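Here's the structure, in structure tokens; my notes come after.
Every number in this text was worked out from the coordinates using simple rules, so none of it is lab data. Just so you know, these numbers come straight off a predicted model, no measurement behind them. Reconstructed Cβ throughout: ideal geometry from the backbone, glycine too, with neighbour counts over all protein chains shown.
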Amino acid sequence: MGRVVFAGAMSHAPAATGWPERASEEERSRFYTGAEALGQELLAAKPDVLLVFANDHVLNYDLDNMPDLAIGIGDRHAGPGDWFQAWLKVPPWTLPGDPETARAVHRGLARRGVRMAVQRDDFIYDENLTVPFALMHIADSEIPTVPVLMNVSVPPVMSSERVYDIGMKLRDTIATELHPDLRVALLATGGLSHEPGGPGYLTINREFDEWALRLLSTADHATCVRELTFERMEAAGTGGTGEMLAWLLVMGAGPDRPCEVLAYEAPPAWRCGMGVVRWPVGASSDA
Amino acid sequence: MSLEHFDALLATNQLIMDLKRSGELRDAWTADQEVVLSRYPLTGSELAAIRARNFKALYDLGVHQFLLAQFARLVYGTADGSNSGRAVEILMEQYGVGPSS
């Protein structure tokens, strides 16, 4: 049976690599240090595959044909897309895919009532994977990677309960249907509070961010899911904060333990609450 | 604001999504935006708002907020790569939001 050897989440706002100098040196340093630590932990876990959950920024699917979940089953993933390269200011990255694991995940979740669209050609990636890969220093890692893109900004959007349940179903799939002894790393990207393109574009809801991180780092998962609703995320920043649904999915695939916050910064010019967290998935896990 | 506001079938949404995905279309847009606009079933209101760079009007017509921000960036570019560039400033002015900190 496969097992989860790493579970973490971090923000992916384009400012972190595109205009990092607009944050103070201290803010930038602390955030970068947190991201690097997350990357080091992932590498130290020696995963056989990385499943990364991030939202599609209305890029790969049209507004009238938007899947809740889409899994990339190709043998190679590369980014960022052309239009994003100059904006994000990081070198292009390429990671191998893992078609066998991707298909097994798709099949396993389908058997458990979760529909996922299948993406055979590579996705177009923007900051959603590019920023975390760069700041975690895993872009050159050659870790076989399976991307799963989620819809968080085109209604109807899944509830917090639903995505957490999908996470639990993913845990079961990993444990029972993936290659024996497969070491699986789980990474969520996105959040925290931000409102891209809306009137609150220039605003970070620090109060919400600190509340959410306090909740995730102290409460049991049932409480987190009950309190950190998609509606509360939206109220903290429409169209952006809901990216934290990816965090809840990854959380659901691990043991019922609080996360550890590795970093939180809110540089005003980055227009997004920037967090890095990890969940313990050690030997005492119930996965 | 609300995610419920946008119109999934609005042609402007498709235009912006296509511009993001295609370097060739972006080049065509730069060369002559009217040629590109003629390829889409845009209403008179959409055309007027696009030509006037009236992002608030586009929002009211049903452009998704995310695509609105990206259209602003596409049209005005980002001189220094920062989202506090001209694109965002104009967007915020049209929302009636004050200058950034």
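Values computed for the structure shown
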{"item": "Peptides A:164-170, B:35-41 ordered by average Cβ neighbours within 10 Å, highest first", "result": "A:164-170, B:35-41"}
{"item": "Segment A:53-109 shape via C-alpha gyration tensor axes, a/c threshold 1.5", "result": "oblate"}
{"item": "Cα centroid separation - segment B:1-36 against segment A:212-287, whole Å", "result": "33"}
{"item": "Part-to-part distance (alpha-carbon centres) for segment A:108-169 and segment A:23-61, which is given in Å", "result": "14"}
{"item": "Pairwise FRET efficiency - A:Val118 versus A:Glu142, Cβ, R0 = 25 Å, nearest 0.05", "result": "0.55"}
{"item": "Distance (nanometres) between label positions extended 7 Å along Cα→Cβ at A:Ala219 and B:Arg51", "result": "5.3"}
{"item": "Prolate/oblate/rounded label for segment A:9-77 (Cα gyration tensor, a/c 1.5)", "result": "oblate"}
{"item": "Radius 13 Å from Cβ of A:Arg206, net charge of other residues (Lys, Arg +1; Asp, Glu -1)", "result": "-3"}
{"item": "Relative contact order (percent, whole number), chain A, Cα cutoff 8 Å, 6+ residue spacing", "result": "33"}
{"item": "GNM flexibility winner over chain A from A:His179, A:His106, A:His194 (Cα, springs under 10 Å)", "result": "A:His179"}
{"item": "Chain A shape via C-alpha gyration tensor axes, a/c threshold 1.5", "result": "rounded"}
{"item": "By average C-beta atoms within 10 angstrom, highest first, the peptides B:21-32, A:17-28, A:267-278", "result": "A:267-278, A:17-28, B:21-32"}
{"item": "Sum of side-chain charges, B:Phe66 neighbourhood, beta-carbon under 12 Å (Lys, Arg +1; Asp, Glu -1)", "result": "-2"}
